[in-house]
There are 2 protein chains.
Amino acid sequence: MTENLDQIGEREIINRLTKYMPIGQIEDDTAQLNPYGKEILVNTDVLVDGVHFSNETTSPEDVGWKAITTNISDLAASGVDQILGITVGIIAPPSTTWQWVEGVYNGIEKALKSYGGKLIGGDCSRGKEKVLAVSAIGTVGHLRLHRSHALDGDFLIASGPHGLSRLGLALLIQDPVISNVQMTQKLKNKAISAHQRPIPAIDALRALKKCKPKDVPWRAAGTDSSDGLLEAIQNLCNSSNCQAVLDPSNLPREQNWPIGSLWDEWCLNGGEDFELILSIPPIWAKALLQSFPSSRLIGIMQKGPSKVLWTNGEEIQKKYLLEFKHF
Amino acid sequence: MTENLDQIGEREIINRLTKYMPIGQIEDDTAQLNPYGKEILVNTDVLVDGVHFSNETTSPEDVGWKAITTNISDLAASGVDQILGITVGIIAPPSTTWQWVEGVYNGIEKALKSYGGKLIGGDCSRGKEKVLAVSAIGTVGHLRLHRSHALDGDFLIASGPHGLSRLGLALLIQDPVISNVQMTQKLKNKAISAHQRPIPAIDALRALKKCKPKDVPWRAAGTDSSDGLLEAIQNLCNSSNCQAVLDPSNLPREQNWPIGSLWDEWCLNGGEDFELILSIPPIWAKALLQSFPSSRLIGIMQKGPSKVLWTNGEEIQKKYLLEFKHF
């Protein structure tokens, strides 16, 4: 009982905290409340300087933008209808410039203008390091996405390409691992933008709702890929007690994405992608693929132990990337 | 534009952030949302190690308890009907023991058992110092307390005594300023408990709702005294554009509270009292004083510039206590 948090690890910390949350955010991307018999979604994220952002790679405006959009991404992964309001708790050392704070709030304002919701309150305090704590609240309509709603026979869809944010980080920190790789300027720009100004998959969610064939029920499993594509798929498998099969030739790679194991690894485990990963009936999936151009069919769901396999039956191993360790 | 936060000061920081919040938590103790045409209250607080709690004066359980109850106090100050749910973001250095985290969550659980509401989610991350970010959500009924609802002729009521938490802190850190003061053990115990395990004024709120005379409308001004009694009254005056008059002999002192200027100062500006400060019609006030024993008539509201005066017309000066500076 005298273990330290770094000895326990993030996954076990979250497991142990689950017992305090009878109905919680543990299972899904967001928590749910039912005031007056109506469903509302609630999500809380903390962003810490040096863990979730840094001066090297993100401007103050980027930090504000990311704080809001990563939170909205979680709401989107639960099927949010309307984003109602956001509260922001901000902690900063007394030596922080007002310019930094103003930049953060400008980024927050821009994100809210793009995706709806109002900044309704918060708190501020001094502290040794910069921290943002964001809570977002939204409503849901017909479509309530749960991680546990995948079924045998579903198609697995990614709302967009993966690995871009990881590449953006590598470009920003001038990671030697990519120094000899040829890339188009367009890819570089897109990657840096994905890292600094991620786009939550609100448009994809809207398209998903709009394209549902009439005779198909509102049953769909979903999560976001903020912790990486493979982690997202694994979470759907765990919660739905089924097995995903991915075709390596259909990984959701960006156009002109370089070829090689590093690049597939970033596509699978780069993280911070903020796309929707959906498990839905084939007929609905086909409608989405037609109506939402960046969406990709990446695999299928089948019965079996909750694993993610390649089409050849080999299990896809999750390599735990150190940079996404929160403990 | 290159000023640092400590040069600007907390009040000015909050003023500057107001422009980002059209409708906000700035004016009242909580923010408000209206999903599906129904009112819900939202409140966010951050607690930072060394600013809001410390190993010297608060156990891990105390920290969890305080994180929840200070948040519930804000909801109470807006008239909360039912506390629905709470999210907790926790940040801690990797060297933190699991025992500490478990203690915090045990304190959270105890507080929720006492006052309602479920822990529904949150987030966790490593960081250089311990931080808790708590968001609480609740419903409102007939009574919606606002700081701006005070009127000329109202009675000012405090739901309980003030200064106890400040005395508790002094006892815990063995402040030499009280080393020669005679106090009863009962007072000491009550003070330490007020500091470590503050009680939000949920019972007082319930009594206020229950005792309202039938022909009096549901109009009441309120706030909590988390930043001290004088600050709370000043906030009611500012928001309601009226003037408070306090009788120095009716300060809400605890039984056997020592006599002297330090003690009156702690009663007025000690902070962290978490009582309700109400401005209500005299007939309602009298009903509350009868039905809720710890409540005290502390003064009246009248027309005039928003100041807090003694009965002799002298303005009560707010001494800004350094220990409650958040920047």
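The values are calculated or read from the model by the stated rules, or taken from the named source; none is laboratory data. Keep in mind that this is a model prediction, so the values were computed, not measured. When we count neighbours, we look across all protein chains shown, and the Cβ atoms used for this are built from the backbone with ideal geometry, even at glycine. Keep in mind that these areas ignore ligands, DNA and RNA; they rest on the heavy atoms of the full protein, side chains included. Shrake-Rupley method; radii C 1.70, N 1.55, O 1.52, S 1.80 Å.
Quick check on my filter: what residues within segment A:128-151 are out of contact with any helix residue (DSSP H, G or I) (no Cβ under 9 Å at 6 or more places or on another chain) and assigned to a loop (DSSP other than H, G, I, E, B)?
A:K128, A:E129, A:R144
Regarding segment A:30-39, can at least one residue be identified that is closer than 30 Å to A:E102 by Cβ and not in a strand (DSSP E or B)?
yes
Would it be correct to say that B:D6 is open to solvent by 10 Å² or more (accessible area, probe 1.4 Å), facing chain A (nearest Cβ under 7 Å), touching a residue at least 60 places away in the same chain (Cβ under 8 Å) and in a strand (DSSP E or B)?
no
Kindly provide the set of residues from segment B:252-305 that are assigned to a loop (DSSP other than H, G, I, E, B), in contact with a Pro (Cβ under 9 Å, 6 or more places away or on another chain) and of a type outside the set (S, T, N, Q), ordered by number.
B:P252, B:R253, B:E254, B:W257, B:E272, B:D273, B:F274, B:E275, B:P281
Hey, could you check segment A:114-126 for residues that are among the small types (G, A, S) and open to solvent by 10 Å² or more (accessible area, probe 1.4 Å) and say which is farthest from A:D224 (Cα to Cα)?
Looking at the filtered set, the residue picked out is A:G122.
Could you list all residues from segment B:109-127 that are more than 7 Å from chain A (Cβ to nearest Cβ) and in a helix (DSSP H, G or I)?
B:K110, B:A111, B:L112, B:K113, B:S114, B:Y115
Taking the condition under 20 Å from B:H52 (Cα atoms), within 22 Å of the chain's Cα centre (by Cα) and surrounded by fewer than 21 Cβ atoms within 10 Å (Cβ to Cβ), does B:L171 pass?
So B:L171 passes the test.
Do we find that B:P213 is modelled with pLDDT of 95 or more, in contact with a strand residue (DSSP E or B) (Cβ under 9 Å, 6 or more places away or on another chain) and not in a helix (DSSP H, G or I) in this structure?
no
So which of B:L132, B:L156, B:L143 is in contact with a Phe, Trp or Tyr (Cβ under 6 Å, 6 or more places away or on another chain) and either over 21 Å from A:A136 (Cβ atoms) or not acidic (D, E) (or both)?
Residue meeting the stated conditions: B:L143.
Of all residues in segment A:181-192, which are open to solvent by 60 Å² or more (accessible area, probe 1.4 Å) and either assigned to a helix (DSSP H, G or I) or within 18 Å of A:D74 (Cβ to Cβ) (or both)?
Across segment A:181-192, the qualifying residues are A:Q185, A:K186, A:K188, A:N189, A:K190.
Would you check if there is a residue in segment B:129-138 being open to solvent by 40 Å² or more (accessible area, probe 1.4 Å), of a type in the set (D, E, K, R) and within 7 Å of chain A (Cβ to nearest Cβ)?
no
Report, by residue number, each residue of segment B:139-168 that is of a type in the set (F, W, Y) and either crowded, with 22+ Cβ neighbours inside 10 Å or under 19 Å from the mean Cα position of the chain (by Cα) (or both).
Result: no residue meets the conditions.
Give me the pairs, please: first residue somewhere in segment A:142-166 and of a type in the set (D, E), second residue anywhere and open to solvent by 30 Å² or more (accessible area, probe 1.4 Å), beta-carbon distance under 7 Å, and either six or more positions apart or on two chains.
A:D152/A:Q302; A:D152/A:K303; A:D154/A:I300
Take the residues in segment A:139-186 that are more than 30 Å from A:V245 (Cβ to Cβ) and charged (D, E, K, R), then tell me which one is modelled with the highest pLDDT.
The residue in question is A:K186.
Which residues, counting only those in segment B:245-256, are touching a helix residue (DSSP H, G or I) at 6+ places or on another chain (Cβ under 9 Å) and open to solvent by 20 Å² or more (accessible area, probe 1.4 Å)?
B:P248, B:R253, B:E254, B:Q255, B:N256
Could you tell me how many of the residues in segment B:257-286 are within 16 Å of B:L156 (Cα to Cα) and either open to solvent by 30 Å² or more (accessible area, probe 1.4 Å) or not assigned by TED's automatic domain parsing to the domain that holds B:Q185 (or both)?
Within segment B:257-286, residues that are within 16 Å of B:L156 (Cα to Cα) and either open to solvent by 30 Å² or more (accessible area, probe 1.4 Å) or not assigned by TED's automatic domain parsing to the domain that holds B:Q185 (or both) number 4.
Kindly list, by first and then second residue, each pair from a residue in segment B:170-194 that is under 23 Å from B:S225 (Cβ atoms) to a residue that is surrounded by 14 or more Cβ atoms within 10 Å (Cβ to Cβ) and modelled with pLDDT under 95, limited to pairs with Cβ atoms under 6 Å and residues at least 6 apart or on different chains.
Note: pairs meeting the criteria are B:A170/B:I178; B:L172/B:T57.
Checking the structure you have, find out if any residue of segment B:94-103 is farther than 23 Å from B:E231 by Cα, of a type in the set (A, V, I, L, M) and either in a helix (DSSP H, G or I) or not assigned by TED's automatic domain parsing to the domain that holds B:L172 (or both).
Yes: one or more hits.
Taking the residues in segment B:47-89 that are open to solvent by 10 Å² or more (accessible area, probe 1.4 Å), closer than 30 Å to A:Y36 by Cα and aliphatic (A, V, I, L, M) as candidates, determine which candidate is farthest from the other protein chains (Cβ to nearest Cβ).
B:I83
Name, by its number, the condition in (1) in contact (Cβ under 8 Å) with a residue 12 or more places away in the chain; (2) out of contact with any Gly (no Cβ under 6 Å at 6 or more places or on another chain) that does not hold for B:I86.
(2)
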